[in-house]
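Comments concern the structure below.
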Amino acid sequence: MENDIISTDVAIVGGGLAGLSAATYLARAGMDVTLFEKSNHLGGRAATQEHKGYAFNHGIHAFCYGSTGTRVLRELGVTYRYQNPRGVQLYAQGRFSSAPVSASTILRTDFLTTAEKMEFVGLFTKIICTKPASAGGQSAREWLDREVRNPHLHQMLAAFARTLTYCANLDLMSAEVFLQRVVLSDVRYIDGGWQSIVESLQTRATEAGAHLLSGARASELLQHGEHHIEGVRLADGRRVAARAVMLAITPAEALKLLDGESYEPLRQTLAAIRPVRVACLDVALSCLPAPQHAIAFDLEQPRFLTTQSLFARVAPAGGALIHTFKQLDPAQPGDPHQDERDLEEWLDQVQPGWRAVLVKRIFLPRIEAISLLPTAHSGGLAGRPGVQVPGVSNLYLAGDWIGNAGYLADASLASARQAAHLLIQHGLPAPHPQLATDGI
Ligand SMILES: Cc1cc2nc3c(=O)[nH]c(=O)nc-3n(C[C@H](O)[C@H](O)[C@H](O)COP(=O)(O)OP(=O)(O)OC[C@H]3O[C@@H](n4cnc5c(N)ncnc54)[C@H](O)[C@@H]3O)c2cc1C
């Protein structure tokens, strides 16, 4: 193995949504693309784990149609079956109310008075007319405190903001993310879980001619001079000679590959990045104790619950798959045991009796949902690194922490498209002469 050499135009490190999308765009543009994924399966955080007919996503996952990522999936011809959830509720002081998430539920809900409903509609109209990026430098808390005077509405919108941004600390989180996500009304639960998207992407990438290698961990970037990458070394010792390299991995993983002075500015940026983590408790049940409470926002604690199996095909007939999550404060170390107890208690409140019909549970403590927390201090999404590494001509980046478009998977897909297009536009640099004479 030690001296084996793989030669390719573009080496992509990371086989999640970003890596697979970028591979497809580049291969369609006629480039020879090889993708390296360290685990034995593709998909990264979008992968789904199957257990006796229950399709567990890697924690709670919903695709928001109409966002930048939608365009990418459409362009690449990715297909999936889905259902839109209905019957969203608010939970406060031990009782459930209909959540005002559509015209009919605004009219119907008993959570808001008529005057509050009018104020909410006015606020929502204002949000629709606001460019989210204009609020990048404000925190979600500042925005809410300024725009929402009514305490009842404030409590509800703060719960929406925490849930949509995945972050319990609204003083840190940029208002841009909340404003961008609160208007995305076409929420989709995917039949078979997000693995369906991964598999469709994988098919498109392979059809385009990309080579997808799993069980292949990149351990080092091979540098030629200060400003040029000549490839990647794999953990098993193989060398990959590439004319361009794209890292489609998290900042923490990227940091492990970057050694050398020319990366120093990027290393410093990566080392300072703070992720957004959540605690997830997912349960497969043989039946659903309280079908009338399918989806609930907790207005008093940073918790949310959804029974995806009531809408999408993610459980066997009669069974139920429930995802719960607790939004955490990125500034606090937290206590995973307490988080797990909080989520169990949340299930007790919404789905009493769940313990007696439990088939399987998966608890994911402090899992990285978003690789970079977009703070008001850093200007919101504009504060994320760009797709090209400054000072290194042929190194590109993609992922949920790259570029100024979108959030969560949306950002992974949008940055993959942007990085691929930039590389296509720049064209591949000539092969390194030393490597060429080596016959690679
Ligand atoms: C709990 C949770 C809930 C979420 N909910 C939503 C949601 O509702 N909606 C939404 O849009 N998004 C959601 N997301 C985010 C979404 O899953 C991610 O944004 C997206 O899957 C990230 O894709 P990626 O390709 O950028 O990164 P990843 O999925 O992290 O892929 C990176 C890949 O690189 C591989 N890798 C790392 N290092 C190396 C190396 N050295 N060599 C080779 N391979 C390597 C990893 O194994 C991984 O497969 C959620 C995420 C989590 C964790």
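Among the numbered conditions (1) near the ligand (Cβ under 7 Å from one of its atoms); (2) touching a helix residue (DSSP H, G or I) at 6+ places or on another chain (Cβ under 9 Å), the only one that residue 364 does not meet is (2).
For segment 384-434, a residue qualifies if it is without any contact (Cβ under 8 Å) to a residue 60 or more places away in the chain and touching a strand residue (DSSP E or B) at 6+ places or on another chain (Cβ under 7 Å), and the qualifying residues are 387, 388, 422. Among the numbered conditions (1) within 16 Å of the ligand (Cβ to nearest atom); (2) open to solvent by 50 Å² or more (accessible area, probe 1.4 Å), the only one that residue 95 does not meet is (1). Within segment 357-408, the residues that satisfy the criterion of being under 11 Å from the mean Cα position of the chain (by Cα) and open to solvent by 20 Å² or more (accessible area, probe 1.4 Å) are 368, 369, 408. Within the bounds of segment 51-58, is there any residue that is outside any loop (DSSP other than H, G, I, E, B), within 30 Å of residue 283 (Cβ to Cβ) and open to solvent by 20 Å² or more (accessible area, probe 1.4 Å)? Checked against the condition, which is being outside any loop (DSSP other than H, G, I, E, B), within 30 Å of residue 283 (Cβ to Cβ) and open to solvent by 20 Å² or more (accessible area, probe 1.4 Å), segment 51-58 yields at least one hit. Would a scan of segment 398-419 turn up a residue that is farther than 27 Å from residue 59 by Cα and assigned to a loop (DSSP other than H, G, I, E, B)? No, the conditions are met nowhere in segment 398-419.
Taking segment 193-237 as the range and being in contact with a strand residue (DSSP E or B) (Cβ under 6 Å, 6 or more places away or on another chain), more than 10 Å from the ligand (Cβ to nearest atom), closer than 17 Å to residue 15 by Cα and β-branched (Val, Ile, Thr) as the test, no residue passes. For residue 144, the requirement of being touching a residue at least 12 places away in the same chain (Cβ under 8 Å), touching a His at 6+ places or on another chain (Cβ under 8 Å), open to solvent by less than 30 Å² (accessible area, probe 1.4 Å) and in a loop (DSSP other than H, G, I, E, B) is not met. Pairing residues of segment 93-111 that are within 20 Å of residue 301 (Cβ to Cβ) with residues that are among the small types (Gly, Ala, Ser), at Cβ distances under 6 Å and at least 6 apart in sequence or on separate chains, gives 111/97. Looking only at segment 1-45, which residues are in a loop (DSSP other than H, G, I, E, B) and either away from the ligand (no atom under 14 Å from the Cβ) or among the aromatic types (Phe, Trp, Tyr) (or both)? Passing the criteria: 1, 2, 3, 4, 29, 30, 31, 32. Looking only at segment 51-70, which residues are among the hydrophobic types (A, V, I, L, M, F, W, C) and either under 14 Å from residue 17 (Cβ atoms) or within 10 Å of the ligand (Cβ to nearest atom) (or both)? Once the filter is applied, which keeps residues that are among the hydrophobic types (A, V, I, L, M, F, W, C) and either under 14 Å from residue 17 (Cβ atoms) or within 10 Å of the ligand (Cβ to nearest atom) (or both), segment 51-70 yields 60, 62, 63, 64. So in segment 266-295, with the set limited to residues that are over 19 Å from residue 319 (Cα atoms) and more than 15 Å from the ligand (Cβ to nearest atom), which one is surrounded by the most Cβ atoms within 10 Å (Cβ to Cβ)? Result: 266.
Scan segment 302-322 for residues that are surrounded by fewer than 23 Cβ atoms within 10 Å (Cβ to Cβ) and either within 12 Å of residue 52 (Cβ to Cβ) or at pLDDT below 95 (or both) and the total you get is 2. Within segment 383-395, the set of residues being of a type outside the set (A, V, I, L, M, F, W, C), closer than 21 Å to residue 229 by Cα and either within 13 Å of the ligand (Cβ to nearest atom) or part of a loop (DSSP other than H, G, I, E, B) (or both) comprises 385, 386, 390, 391, 393, 394. Residue 87 fulfils the conditions (1) touching a residue at least 24 places away in the same chain (Cβ under 8 Å); (2) more than 13 Å from the ligand (Cβ to nearest atom); (3) within 30 Å of residue 431 (Cα to Cα) except for a single criterion, (3).
Only one entry in 218, 254, 244, 284 is under 30 Å from residue 65 (Cα atoms) and touching a helix residue (DSSP H, G or I) at 6+ places or on another chain (Cβ under 8 Å), namely 254. The listed residues are 32, 9, and the only one of them that is outside the structural domain of residue 279 (by TED's automatic domain parsing) and either on the phi > 0 side of the Ramachandran plot or open to solvent by 50 Å² or more (accessible area, probe 1.4 Å) (or both) turns out to be 32.
The values are calculated or read from the model by the stated rules, or taken from the named source; none is laboratory data. Just so we're clear, the structure is a prediction, and the values are computed from it rather than from any experiment. A quick note on method: Cβ atoms are made from the backbone with ideal geometry, for glycine too, and the neighbour counts reach across all protein chains shown. What goes into the accessible areas is simple: the full protein's heavy atoms, side chains included, and nothing from ligands, DNA or RNA. Shrake-Rupley method; radii C 1.70, N 1.55, O 1.52, S 1.80 Å.
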